[in-house]
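J.: What follows is a single structure, and I will ask about it in a moment.
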Amino acid sequence: MLAKDSFSPGNTLVLYNPASGRRGAQRNAAALVKYLGHHGYHVIHTQASGGSVRDQVGGFGDVWTSLICVGGDGTLLQAIAGIPPHVPIAFFPAGTINLLAHSVSVPKSVDAWLDLLQRGTTRDLYFGQANGHPFVSVGSVGFDAWIVSRVSSWLKHWLHEGAYGIQAIWELPRYKVPIYKVVIDGRKIDENILGVLVGKGPYFAGPYSIFKNADHRVPKLSVVLLKGVSKRRILQYAYGLVRGNFSQIDGVMMYSADQVVVETNIENHVEVDGEPLGLTPITFTVDPVPRKVLVP
């Protein structure tokens, strides 16, 4: 279905997070929201996350039958958690990372995005679930999830993605490597595991493509396991990620799966789409119901 039919002003709610992203992205988002408001769209503002966002978008029924989300990956994640699966979603990437937009080539320019709103189509995309909670692009257990749980909103506001690097330097000496039990599609992995990364799209931590053959159009998870027991290996994996040779590092194991179950001997943090979710144990699956998302 053409976007202009799915996202008409009379039945589309616009959820806008003005705090997302850098200044340039914020200016673009503000300009887009102003345009949409002048053309009859109903806009609600939020700077919240979690339940408060779900409360704001949870009233879909006879009036609002589609959603435009203007913000970052976290805002999109919370919006998806609060609307029924059949509701079409258009996403303007105004965050710091924008993993989904990067994966499916949603433009960041206002003019290009407005053209997409007129000429694009909605496609069925499969997202993931972590203990039943949705995620759009990536979920993980390990040191990266620990950092996500520790980094402050103040630091993210001022340093953006650099905040995670600063937090990682501070946290690495304090991090306790757990013992993992990982089961993929019923098969126990008999290796020492240092971290588990689960993707629905190809990208992790921004522009780094690590999930081979990941595709939102296919109901499969792309899984990366990191072998090792020492924290020195964490630095090796991080260096390989930045250098672009991550998949060639000895100890990187890749799978395609329907389900991944992760348990640890001590509680370890879980993150989805850059947002803390909770603690292990965790079960990653594919959401069986695809979402209708505006794409080029």
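J.: Test of understanding: among I282, I249, I266, which residue is assigned by TED's automatic domain parsing to the domain that holds I184, in contact (Cβ under 8 Å) with a residue 60 or more places away in the chain and surrounded by fewer than 18 Cβ atoms within 10 Å (Cβ to Cβ)?
T.: Answer to the selection: I266.
J.: If D62 meets every condition in (1) among the charged types (D, E, K, R); (2) at pLDDT below 90; (3) assigned to a helix (DSSP H, G or I) apart from one, which number is that one?
T.: D62 satisfies every listed condition except (3).
J.: Run down I210, I169, I184, I234 and say which single residue is over 21 Å from Q129 (Cβ atoms), crowded, with 18+ Cβ neighbours inside 10 Å and aliphatic (A, V, I, L, M).
T.: I234
J.: Could you please give the count of residues in the range 124-144 that are among the charged types (D, E, K, R) and surrounded by 16 or more Cβ atoms within 10 Å (Cβ to Cβ)?
T.: 1
J.: Which of the following residues is assigned by TED's automatic domain parsing to the domain that holds N265 and in contact with a Pro (Cβ under 9 Å, 6 or more places away or on another chain): K176, K181?
T.: K181
J.: Got a sec? Which strands (runs of 3 or more DSSP E) wholly within the range 99-143 have at least 1 residues that are touching a Gly at 6+ places or on another chain (Cβ under 8 Å) and over 13 Å from Y203 (Cβ atoms)?
T.: By residue number, 128-130, 133-135, 138-141.
J.: Sticking with this one: Considering only the range 214-296, give the strands (runs of 3 or more DSSP E) lying wholly within it that have at least 1 residues that are small (G, A, S).
T.: 221-227, 252-257, 275-279
J.: I'm told V57 meets every condition in (1) modelled with pLDDT under 80; (2) in contact with a helix residue (DSSP H, G or I) (Cβ under 9 Å, 6 or more places away or on another chain); (3) surrounded by fewer than 21 Cβ atoms within 10 Å (Cβ to Cβ) except one. Can you identify the failing condition by its number?
T.: The one condition V57 does not meet is (3).
J.: Let me confirm something: among V87, V70, which residue is out of contact with any Gly (no Cβ under 9 Å at 6 or more places or on another chain), in a loop (DSSP other than H, G, I, E, B), assigned by TED's automatic domain parsing to the domain that holds Y41 and hydrophobic (A, V, I, L, M, F, W, C)?
T.: Going through V87, V70 in turn, just one is out of contact with any Gly (no Cβ under 9 Å at 6 or more places or on another chain), in a loop (DSSP other than H, G, I, E, B), assigned by TED's automatic domain parsing to the domain that holds Y41 and hydrophobic (A, V, I, L, M, F, W, C): V87.
J.: Condition (residue is under 14 Å from V138 (Cβ atoms), of a type in the set (S, T, Y), at pLDDT below 90 and not assigned by TED's automatic domain parsing to the domain that holds N98) applied to the range 197-208: is it met by at least one residue?
T.: Yes; the residues of the range 197-208 include at least one that is under 14 Å from V138 (Cβ atoms), of a type in the set (S, T, Y), at pLDDT below 90 and not assigned by TED's automatic domain parsing to the domain that holds N98.
J.: Has the range 176-191 got at least one residue that is of a type in the set (S, T, Y), out of contact with any strand residue (DSSP E or B) (no Cβ under 9 Å at 6 or more places or on another chain) and closer than 19 Å to L277 by Cα?
T.: Let us first name the residues in the range 176-191 that are of a type in the set (S, T, Y), namely 180.
Subset that is out of contact with any strand residue (DSSP E or B) (no Cβ under 9 Å at 6 or more places or on another chain): none.
The answer is no, given that none of the residues of the range 176-191 is of a type in the set (S, T, Y), out of contact with any strand residue (DSSP E or B) (no Cβ under 9 Å at 6 or more places or on another chain) and closer than 19 Å to L277 by Cα.
J.: OK, next. Sort out which residues of the range 1-24 are at pLDDT below 85 and closer than 15 Å to L76 by Cα, and write them in order of number.
T.: A19, S20, G21
J.: Might you let me know whether the range 132-150 holds any residue that is free of Cβ contacts under 8 Å to residues at least 24 places away in the same chain and not small (G, A, S)?
T.: Yes: one or more hits.
The values are calculated or read from the model by the stated rules, or taken from the named source; none is laboratory data. Model, not experiment: these values are computed from the prediction. Counting neighbours? That spans all protein chains shown, and the Cβs are built from the backbone with ideal geometry, glycine included.
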